[in-house]
1. Between residue 78 and residue 447, what is the label-to-label distance in nm when each label sits 7 Å out along the Cα-to-Cβ direction?
2. Going highest first, how would you order 179-191, 340-352 by mean Cβ packing within 10 Å?
3. If packing is taken as the mean number of other Cβ atoms within 10 Å per residue, what is the order of 68-80, 145-157, highest first?
4. Fully extended, how many nm does the chain gain between residue 267 and residue 390 (0.36 nm per residue separation, minus their Cα-Cα distance)?
5. Taking neighbour Cβ counts within 10 Å as the exposure measure, how do 211, 409 sort from fewest upward?
6. Fewest Cβ neighbours within 10 Å first, please rank 204, 125, 386 accordingly.
7. R0 = 22 Å: FRET efficiency of residue 54 with residue 30, Cβ-based, nearest 0.05?
8. For a quick check: sort 356, 405 by the number of other beta carbons within 10 angstrom, fewest at the front.
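Derivation of every value follows stated rules applied to the coordinates shown; laboratory data play no part. All values reported here derive from a predicted model rather than from experimental measurement. Cβ sites come from the backbone with ideal geometry, for glycine too, and all protein chains shown count toward neighbours.
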């Protein structure tokens, strides 16, 4: 179905579509196995012989994929009908990928929405509010591209940049270029790229249950070195972790990599704004990071195992470099094409964590709200972000009193529909109404606080 304006949101965690299924009642069976995991009984609509059932009177209950009735439905063909209420019902992307792993939009089909699969913000390295390039970097932080954190402890000096060197289909990458090498890192030294995902965005993984789902991380990488790169994930409380690796086969060449992580059935993820999962690309480290035992499956976490699988050793020679872009994390065991989002949408998502602002007075420095930005000032211009919706103006069929050109009273009666298009007029109308509302509030505040000035 076509839409006017933005494409409707079909869910955050995977491809979605309206779903239903039916079962044959036997007169004795009270339990049926559903095709999808259900969290709450109200997430499905159940009919037996065309009579709607209610979970509130105990007619049925749901646990995972098991639908249980208080009484056995009568015998019949497809007389037990189940419809999934949730628009955002998860369908693992793996079910939509051809067996030969070759993924194209044509094979996926035009009826499948492809939005909101990627749980990584700014995976294409488009947004760089802090800086597009920093030289002489010897310590970590959020340096250039938003949401990606550099952990750097005493392993060389680097130029970190939002590079325009990128694989086909991408405009930018995050690049580390070593300008001063460290041939022998100390035990506790480390160099890695990190990314954190909020726990409340990961609840569909069902970690800590038997229904725990796998996910796949895909990305593009380029380096002057070949070898094995270490990739690690740990959970929010640093008690569970898993080690994986990828191989750079050719120097100075963009290569596409995918890593699949099995679901962790032993430990859950808190449903809050703290980091539920912590992703590590480890480029080099001292012996203190390699003293553990590599764990290819979820197990107890140890810092000593974080780089057990890595051999790249970026930064041990001057002009060593590594670049990454197209980072995507999605539910399922197979990677799908990178989900490109507009710069506007990526910037808005990044601004949840960091917001660069202009100074109201004075000159020179820029200030920001968020982590890893030191400049500060008392007066801040906060942007006003709002959404508005407009419905069509209807023609009034009821007779209305009016006057004609001569000024004589008459009656106007509209026949049919003559709805005007307000789209060209809506923007100035919305701007004017916003100004009026803000002015009203300013005047109210000034009446209550006459001694206070207002910076506009």
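1. The answer from the label model is 6.6 nm.
2. Peptide ranking by packing, descending: 179-191, 340-352.
3. Per-residue Cβ counts within 10 Å, averaged per peptide and sorted highest first, yield 145-157, 68-80.
4. 39.7 nm
5. Going from sparsest to densest Cβ surroundings: 409, 211.
6. Fewest-to-most ranking of 204, 125, 386: 386, 204, 125.
7. So, using R0 = 22 Å, E works out to roughly 0.85.
8. Ranked by crowding around the Cβ, least crowded first: 405, 356.
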